[in-house]
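What follows is one structure encoded as structure tokens, with my remarks underneath.
The values are calculated or read from the model by the stated rules, or taken from the named source; none is laboratory data. These figures come from a predicted structure and were not determined experimentally. Every residue, glycine among them, receives a Cβ derived from its backbone with ideal geometry; neighbour counts consider all protein chains shown.
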Amino acid sequence: TGTNKILLAPGSSVSVYGGINTTDSTNLTFVSSDKTYTHSQTEVERFTQIDLIGVSDQILQGFVIRDSSYGLKLMNCERVNLVNSTMDGKYQSIALSNSPDISIFNCVLSKSTDLSLGALYAEFSDNLRVERSVFLHNQIGITLIWGQQGLVKNNYFSHNLINDVYCGTNATTTVENNTFQNSNTSITNYAGVLVANYNDIAAETGIHSYYLHASFTAKHNNLDCSDYGIISKGRFQTANLLEMDSTQNYWFTTQSSTIREKIYDHYNEDPNDPIYYVYVTVVKYQPFAMNRIQNAGIFN
């Protein structure tokens, strides 16, 4: 029942022996595996670059941007949905500026070589949603700065060389139910407020939070990290230590001392550092999970 698709090798044919029983509500479609299709099975539109200024209440779906330096650019737009599209801009695939309420669903962004902004770059763009998308073989997957209530959920990240998700200055971002594979640093929080829950992380460093007023909550994550699972170097002008709630994570060990070695926070700082007194964040990691978090990472 439902809609069913069978992918075939390019140039091949299919023979059906026996019978196929379908109901009135069933669609069965055979399509070539070397093509990209929208849900209507029509071939996608191909572009080298798209610039949108002042556009609102639009749905952009089913296109490919290739051989482009900057891909898709949105400025002063709002309530735009980008769906079922593929982009591999040389420097950036998508750039958003002053564009609130943008949603990106079921897209693939790859091969970005930009060393500071990433495949998807968003500034001053509140309520950005990125869901069910793939980011692979980029220098940086996503960069969000000066944006409130960003949501990065149910995405797959792999082989992004510098960062998968970079939450920059004054960004408030929720990163949840994502899968990170073969990462250098999966999630970076620079002077922002981060919530990172239910992620499945395999990286050198899982979560790196640092600089002025950088705070975070990170719970129910699988942290399979060769270097540090969590680095917390937030700077605050206060005499009290500030706990960053990182409880109920699975560290691929149940030895508290081994877990502590995977954490960098106030207790690792050099007391002789002239600004030692501002490094007041500590990672609260107990209680921790005794088994892998089964509902962490991408789903359906």
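Computed values, structure above
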| read-out | value |
| --- | --- |
| Checklist (1) over 17 Å from ALA191 (Cα atoms); (2) loosely packed, with under 12 Cβ neighbours inside 10 Å applied to LYS262, failing item | (2) |
| The listed residue being aromatic (Phe, Trp, Tyr), outside the structural domain of ARG292 (by TED's automatic domain parsing) and on the phi < 0 side of the Ramachandran plot, out of PHE124, PHE135, PHE180 | PHE135 |
| Test: THR217 is among the polar types (S, T, N, Q), at pLDDT 95 or above and either over 17 Å from ASN189 (Cβ atoms) or touching a Leu at 6+ places or on another chain (Cβ under 7 Å) (or both) | no |
| Given (1) modelled with pLDDT of 95 or more; (2) more than 11 Å from the chain's Cα centre (by Cα); (3) under 24 Å from THR281 (Cβ atoms); (4) surrounded by fewer than 24 Cβ atoms within 10 Å (Cβ to Cβ), index of the condition ASN170 fails | (1) |
| Strands (runs of 3 or more DSSP E) fully within the stretch 42-122 counting 1 or more residues that are among the aliphatic types (A, V, I, L, M) and under 20 Å from VAL152 (Cβ atoms) | 56-61, 72-75, 78-83, 94-97, 103-105, 108-110 |
| Complete set of residues in the stretch 196-249 that are β-branched (Val, Ile, Thr) and farther than 17 Å from VAL282 by Cβ | ILE201, THR205 |
